[in-house]
1. Anyone know which of B:Asn75, B:Asn312, B:Asn112 comes out most mobile in the 10 Å Cα GNM of chain B?
2. Please state the shape class of chain B: rounded when a/c is under 1.5, otherwise prolate if a/b exceeds b/c and oblate if not, all from the C-alpha gyration tensor.
3. In the structure shown, do any of A:Lys236/A:Lys259; B:Lys236/B:Lys274; B:Lys131/B:Lys274; A:Lys260/B:Lys38; B:Lys236/B:Lys315; A:Lys260/B:Lys43 have a Cα-Cα gap over 19 Å, and if so which?
4. Helix by helix through chain B, keep the DSSP H runs that span 24 Å or more along the axis on Cα and average at least 0.0 on Kyte-Doolittle, and give those back in order.
5. Determine the relative contact order of chain B: mean sequence separation of Cα pairs under 8 Å and six or more apart, normalised by residue count, in whole percent.
6. Using just the Cα positions, wrap the range B:59-173 in a convex hull and report its mean projected area in square nanometres, one decimal place.
7. Under unit Cβ charges (Lys, Arg +1; Asp, Glu -1), what dipole magnitude, rounded to 20 debye, does the range B:121-208 have relative to its Cα centre?
Amino acid sequence: MDDSSTRQPAIGRPAPAFQLRARRPQLRGDDPISLPISLPITLSDFEGQPLVMALLEQGGVPIDAGSWQPDILRAEARGLDAALLVLTPDGLWCFRPDDQLQRFAALADLMATDLLELRRDYGLAAGAGAGRAGASAGLYVIDADLTLRFAHLASAAGGPTLTTLMDGLAIARRDLGHAQPPRLLLSRREMVVSCLCGALAAFLLDGPALGHAASAAAAVSSEVEIALHINGVTRKVRVDPRVTLLDALRERLGLTGTKKGCDHGQCGACTVLIDGRRVNACLTLAVMADRAPITTIEGLARGEALHPLQAAFVAEDALQCGYCTPGQIMSAVGLLREGQARSDAEVREAMSGNICRCAAYPNIVAAIQRARQDTQRESQQETQQGS
Amino acid sequence: MQPFRYIRPRDQAAALEAGHADGAAFIAGGTGLVDLLKLGVEKPLSLVDLAGAADLPAAIEETPEGIRIGALARNSDVAYHPLVRRRLPVLSQALLSGASPQLRNMATVGGNLLQRTRCAYFRDLAWPCNKRQPGSGCSALDGDNRMHAVLGLEREGAGADRCIAVHPSDMCVALVALDAVVHTQGPGGPRAIPVGELHLAPGAHPEIETVLWPGELVTHVVVPVTPLAARSHYLKVRDRASYAFALASAAVALEVRGRAVHAARVALGGVATKPWRSREAEQVLVGQPAARATFQRAAVAALAGARPRAGNRYKLELAQRVIVRALETAAAGRAT
């Protein structure tokens with residue numbers, strides 16, 4: 001390395017510490033549904049969960065403002081319980097798996113010295129105008145114990161391609177094994193990290209293409225501003241009319257309790273209540289749900305107190321893998337409100353829109369019957385007390 | 001999904017105007033259309049959401065002509081309505097046999113009338129399909145045609161072997177048996193169309209499925225209340241106990257005087273290219289004893305014109321048994 005001002009970050013060693021401070025206090029996002037960011041952000045904030053960091057703010061990767069679709073990336077990361085920290089020309093993006101969408105902080109709002117130090121410590125050239133060949137963009141995976149597990153630096157000339165990123169991945173795998181005897185199999189952690197890098201690489205390279213597709217689509221599909229009344233809270237969002245309620249809940253509003261199974265109204269995993277009636281969110285366009293009261297699985301419990309059906313599902317062990325469970329419970333809430341099904345056979349028929357691949361059906365029926373009888377008993381007691 | 005404009009008109013007049021534009025499609029429940037949008041089968045330029053059209057009815061009311069059901073009435077509301085349950089049991093049963101509770105809470109009567117086929121080749125852009133792409137061919141003729149139609153197919157001429165897709169609706173089969181009338185508003189003003197004349201067999205043009213004009217809007221359906229309707233029954237046989245499309249179904253209605261059949265209606269689902277009324281079966285029934293032997297002869301008559309293919313020959317026997325059992329159930333039922 002001929003440039004003494006940058007240091008090559010070492011794989012398998014503690015990741016270089018960094019901090020990102022606000023240039024002025026009380027920085028707030030301009031997106032109406034974002035939350036205020038709490039700056040400064042430091043590396044130690046991420047201890048305890050993997051962190052994927054992408055530094056893309058200068059040259060190299062041709063990502064223009066508007067092509068960056070953080071929701072998609074956030075959904076990827078959520079599945080792996082990883083946090084994301086991304087610097088783009090748009091600014092700073094930071095997500096933890098369970099955070100709300102946080103869009104904030106133009107680069108100009110961050111302390112320039114912090115940015116320079118971060119870039120330097122992670123092996124990137126000082127600036128686009130440095131005039132010498134050097135890495136201008138980098139992709140890093142930092143483990144839960146803050147060890148740097150993967151780094152790929154892309155040069156200003158040309159930018160990364162999927163091939164070079166995958167080559168980097170292969171190198172990273174070798175590096176991971178370097179200090180230990182050679183082995184053929186990856187550990188689970190390495191597998192997770194590798195998959196995450198692959199997904200991120202593929203995503204970043206898709207970025208510009210998505211941008212083009214989105215601008216082509218914008219010519220016909222103009223976005224619509226809607227107000228979704230979800231679990232008693234009104235959330236304003238701008239959506240393409242093609243976005244389903246299911247995708248709006250999961251990808252835009254961070255309400256991932258509602259699950260996507262078949263996405264064609266055949267499995268019931270996406271069941272929510274609209275106007276108190278159970279429906280498939282995957283076949284409802286978000287624009288069609290504008291201003292209608294929506295209840296999702298997140299809206300059932302009252303604080304720590306579970307909804308009677310949630311409690312009954314626990315009591316009757318009405319699940320195995322649990323993926324269909326939010327849909328099953330929402331469907332059962334609808335079923336009890338409808339008041340049509342009483343016998344076990346009727347309950348089974350009335351729950352036929354919810355598929356359970358683990359076949360927990362007997363216990364699901366038992367849970368619904370338990371909740372139905374509990375609610376009946378309570379309302380009878382209330383009637384008696386009232387008379 | 002191809003981009004489209006989303007329009008939410010405030011009343012029927014505005015909906016008609018928006019619906020008249022090139023490439024416009026009406027949307028109400030969305031259960032059929034959103035699915036087909038995702039598959040790329042439907043590619044409208046604009047979606048006209050009828051939910052905001054305040055003067056488009058969703059109510060279910062008794063009128064001198066019969067029970068009037070608004071186009072925006074949800075399937076579940078119709079199925080559980082006391083009037084429908086008591087006076088038109090076959091309609092309630094047909095609706096409850098279709099789809100899932102969630103879908104029935106979304107799907108509307110207007111949309112169900114215009115439901116598109118579930119033919120796997122129609123839904124998969126990779127295959128030729130005359131209904132989706134006129135002239136491209138029919139993949140089901142020599143493909144997997146276990147689910148396909150045996151009735152409503154032309155034997156020869158330009159209309160032969162163009163399309164063997166089944167009409168999927170249960171509700172329409174019941175409405176055909178009940179002599180319902182579909183009311184519409186279109187560019188040419190209001191129309192009243194007997195539901196039996198709404199759908200078209202594929203013939204030479206499988207892409208044209210109904211007699212409706214582009215932009216014509218279903219406003220309501222009127223179902224006559226008759227002694228026949230009170231003694232009616234829907235039987236549906238499918239691959240699983242619930243939540244599946246029919247392999248064969250029958251909507252039947254009987255008016256029995258003494259021991260003889262005074263009037264009868266037989267309509268079939270799951271076996272035909274359109275909701276299928278079998279006047280042949282009805283003719284066999286009228287004037288004959290309301291007994292199994294009569295029902296069996298009627299069932300044979302209903303399937304006499306069938307044209308099975310390699311994978312759906314079983315439907316001949318199955319549909320006949322369904323007809324017989326449905327008639328027996330209706331005959332045993334209490335007339336009101």
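1. Most flexible of the set in this elastic network: B:Asn312.
2. Working: a/c = 1.95, a/b = 1.22, b/c = 1.60.
Judged from the Cα gyration tensor, chain B comes out oblate (a/c at least 1.5, b/c at or above a/b).
3. Working: A:Lys236/A:Lys259 21 Å; B:Lys236/B:Lys274 16 Å; B:Lys131/B:Lys274 14 Å; A:Lys260/B:Lys38 14 Å; B:Lys236/B:Lys315 13 Å; A:Lys260/B:Lys43 23 Å.
Where the Cα-Cα span goes over 19 Å, the pairs concerned are A:Lys236/A:Lys259; A:Lys260/B:Lys43.
4. Values: long enough: B:314-332 (27 Å, 0.42).
Flagged H segments are B:314-332.
5. Numbers: 813 pairs, mean separation 56.7, N = 336.
Worked out over chain B, it gives 17 percent.
6. Working: hull surface 36.1 nm².
About 9.0 nm², averaged over all directions.
7. Values: 7 positive and 10 negative charges, 38 e Å.
Charge dipole, the range B:121-208, about its Cα centre: 180 debye, nearest 20.
Every number in this text was worked out from the coordinates using simple rules, so none of it is lab data. Bear in mind that the values here come from a model prediction, so they are computed numbers and not experimental data. All Cβ positions, glycine included, derive from the backbone under ideal geometry; neighbour counts span all protein chains shown.
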